[in-house]
Amino acid sequence: MKLLSSNTAIQDIQSAACFVFAYSDKAATSITNIDTTTDRQLSGYIDSGVVSTKVADVTPIVGLKGIGFSTLYVIGCGDSAVFKENVLLKVVTAMSATIKRAGLGDIHIALDDLQVVGRNVHWVTQKVIERLITGFYQYDTTKSTKNKELSLELVTFLSAESGLQLAIDNGRCIGHGINIARELGNLPANICTPTYLGEQALALDVAFPEISSSVIDESELEAMGMGCFMSVSRGSVQPGKLIVMHYQGDNSGSKPHVIVGKGITFDTGGISLKPGAGMDEMKYDMGGAASVLGTMTAIAELKPTINVIGVIAAAENMPAGNATKPGDVVTSLSGKTVEICNTDAEGRLVLADALTYVERFDPETVIDIATLTGAVVVALGHHPTAVYANDDALQQAILSAGIAAWDRGWPMPLWDDYREEIDTPYADLANISNVGRSGGSITAAMFLAQFAEKFTWAHLDIAGTAWRNKKEGASGRPVGMLTQYLLDRSL
Ligand code: BES
Ligand code: MN
Ligand code: ZN
C-alpha cells in the first residue's frame, strides 16, 4: 500500500474515490471547495439531511457532476466543537470498513477536513494512517478460509500542508508494529511458544541490519542462576527462552533504553491452577512480549537515532510433577530469595530475573511491560495502562508519550508502605501479598521494584489493555505508547 500526500485542489482531481467529511455545525473545507464547481449540491444534500452528519455514518454519492471523482464517500463527524481523538477513531474505523467492503483500490482523503480539537495536521495524518492500517488487520492464520486480500493500493492525503512525510512514516510503521503485536497475541499457545517468539526475534535480525538478536536457552539460564525464571519454566515441555534484541541507531555511545516484555505464552497458573472457565484467554499472557516485538519492528523501520534493547522473558506456566509447589523457595539471579506462595503469580518471577539480567547493559531507562495482574483490571478497567515508576520524570515521560500516541496510561503509586506486604518469614520476599487481594497490581509492581533498584525503571501493567475480549482479540497496546516514548528520546 502506497501512501502519498498532495496539495492539489480537490476540484482539480480526476480519480475513483474520495473521502470527505461532514460536520453538523459547519461546512468542512472540502465540502466548500466541491460546492464551488457543483452548484452547491453537496451542501444541499447535507443541509437537507440526505447525507448524514452523524458520527461514522457513511454516505456514498456516485457521479456528482462538476467534480472528477466517480464516488464521494461522505463520513459524518458530528459537532466540530467535540471532534476529539475518540471521535476521529470512530470515523477512521468507518472509513476502513467502507474501503474493505467496497474493495476500493485507490482513494483520496480530504485530510484538512479532520480538525481534531487540540491536535495539528501532523498528528491527524499519523493517527489516520495508523488506524487505517490497524483497521485492515483481521486474524485468519488458523482458519481454513482466508479473508479477502486487501485491495487498497494507493492512498493520497489531500492537504494544504506539505511536510507530512514524517507523520506518514510514523503512522505506517507504528500501525505495522501494532498489527505484529496483535497477531502474536492472537496466535494460539500451541503455535506461539517461547521458541516461536525467539524465532520472531531472529527474523528481525535477518530483516534489519540495525538489529542483532540472540536467544538464550534454559541450560544457560539455569547455569547463570535464574532461579525465579526457571521455577516458572521448569514444569513445561516447551523450553523457556530469554530473548534479546539490540537495535543500534546511535553510534555515539549513548546508553540504551531497555524494554522488557512478559512472555508467558500460556498461563495455566501452574500448581496454583486457574479455574477452567476462560482459561483459553491466558494465551494472551505474552502481550508484553508481543509489544516488545511490535515496538522493535516499528523502531527498526523508522530508524531513529537511539539505542534500544528489547528483552523477552518467554516461558509457559504449567503444572507438572517437577513444577514449583506453593511454599517452595528459590534464589533469583539477584541473589534475593523468593518464597513462591502462589505459582500463578509467575509473571513477576520471570521478570525479576530478566530485570536483573539487563543491569549488564548499563541502561538509560528500563521499562517492563506485562499482563501482570487481574487486579489492575478491577482498578482501571480496560482503558488505561497502569504506569508505575521508581522515578517521577520517567513516569511523566511515559504518560506524556501515551497522550501523544493516544495510547494512554494512568499513574499508580509505588509507596514504600506497600513493601511489607510482600514480607515472609521464609525468604527475602514473597511472590504474593500477605494481606490478600487488596492492591494486587501495586504489590506486584512492588515485587518487581525490588529487582530494579539499580536503574531508572518503569512498569506497565497491561492486563486490562493488551486485549479486551476474545472477539476483539489482541489490541497491540502499548506499542503506540512505547514507540512514541522512544521516538521522544531519540536525537
Ligand atoms: N496473567 C495473570 C494476570 C491476568 C489475569 C491477566 C487475568 C489478565 C487477566 C497473572 O499471571 C496472574 O495469574 N496473576 C494473579 C496474581 C495473584 C495470584 C496474586 C492474578 O491476577 O490473579
Ligand atoms: Mn498467572
Ligand atoms: Zn500470567
*Enumerate the pairs (first residue in the range 19-42 and assigned by TED's automatic domain parsing to the domain that holds S80 and crowded, with 21+ Cβ neighbours inside 10 Å; second residue anywhere and in a loop (DSSP other than H, G, I, E, B) and of a type in the set (G, A, S)) with beta-carbon separation below 8 Å, excluding pairs fewer than 6 apart on the same chain, so at least 6 apart or on different chains.*
V20/A28; F21/A28; A22/A28; A22/S52; N33/A9; I34/G66
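Give the range 300-329 a look and list any residue that's away from ligand 2 (no atom under 16 Å from the Cβ) and assigned to a loop (DSSP other than H, G, I, E, B), or say none. Even if it seems obvious, please write down each step before you answer.
Taking the range 300-329 first, the residues away from ligand 2 (no atom under 16 Å from the Cβ) are 300-312, 321-322, 327, 329.
Of everything in the range 300-329, those that are away from ligand 2 (no atom under 16 Å from the Cβ) and assigned to a loop (DSSP other than H, G, I, E, B) turn out to be K303, P304, T305, I306, G321, N322, G327.
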*Just one of (1) assigned to a helix (DSSP H, G or I); (2) surrounded by fewer than 17 Cβ atoms within 10 Å (Cβ to Cβ) trips up A444, so point out which.*
(2)
*Is one or more of the residues making up the range 208-230 under 26 Å from G175 (Cα atoms), among the aromatic types (F, W, Y) and touching a Ser or Thr at 6+ places or on another chain (Cβ under 8 Å)?*
no
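So which of F451, F455, F447 is away from ligand 2 (no atom under 16 Å from the Cβ), touching a Lys or Arg at 6+ places or on another chain (Cβ under 8 Å) and farther than 21 Å from T295 by Cα?
On the way: F455 fails: touching a Lys or Arg at 6+ places or on another chain (Cβ under 8 Å); F447 fails: away from ligand 2 (no atom under 16 Å from the Cβ).
So the residue among F451, F455, F447 that is away from ligand 2 (no atom under 16 Å from the Cβ), touching a Lys or Arg at 6+ places or on another chain (Cβ under 8 Å) and farther than 21 Å from T295 by Cα is F451.
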*Just for the range 236-279: of the residues that are away from ligand 2 (no atom under 16 Å from the Cβ) and charged (D, E, K, R), which one is surrounded by the fewest Cβ atoms within 10 Å (Cβ to Cβ)?*
K255
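Do any helices (runs of 4 or more DSSP H) entirely within the range 185-299 hold 1 or more residues that are hydrophobic (A, V, I, L, M, F, W, C), closer than 30 Å to R489 by Cα and out of contact with any Leu (no Cβ under 8 Å at 6 or more places or on another chain), and if so, which? Lay out the reasoning, then the answer.
Values: elements: 194-207, 218-224, 227-233.
Fully inside the range 185-299 and qualifying: 194-207.
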_Among (1) assigned to a helix (DSSP H, G or I); (2) in contact (Cβ under 8 Å) with a residue 12 or more places away in the chain, the one test that G76 misses_ = (1)
*In this structure, is K303 in the same structural domain as V358 (by TED's automatic domain parsing), within 16 Å of ligand 3 (Cβ to nearest atom) and at pLDDT 95 or above?*
no
*Give the number of residues within the range 281-297 that are within 16 Å of ligand 3 (Cβ to nearest atom), more than 14 Å from L460 (Cα to Cα) and crowded, with 24+ Cβ neighbours inside 10 Å.*
1
*the range 74-96: number of residues that are small (G, A, S) and farther than 11 Å from R131 by Cα*: 4
*Only one residue in G402, G409 is more than 15 Å from R489 (Cβ to Cβ), of a type outside the set (F, W, Y) and under 14 Å from the mean Cα position of the chain (by Cα), so which one is that?*
G409
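The values are calculated or read from the model by the stated rules, or taken from the named source; none is laboratory data. Just so we're clear, the structure is a prediction, and the values are computed from it rather than from any experiment. Neighbour counts are summed over all protein chains in view; Cβ atoms, including those assigned to glycine, are modelled from backbone coordinates with ideal geometry.
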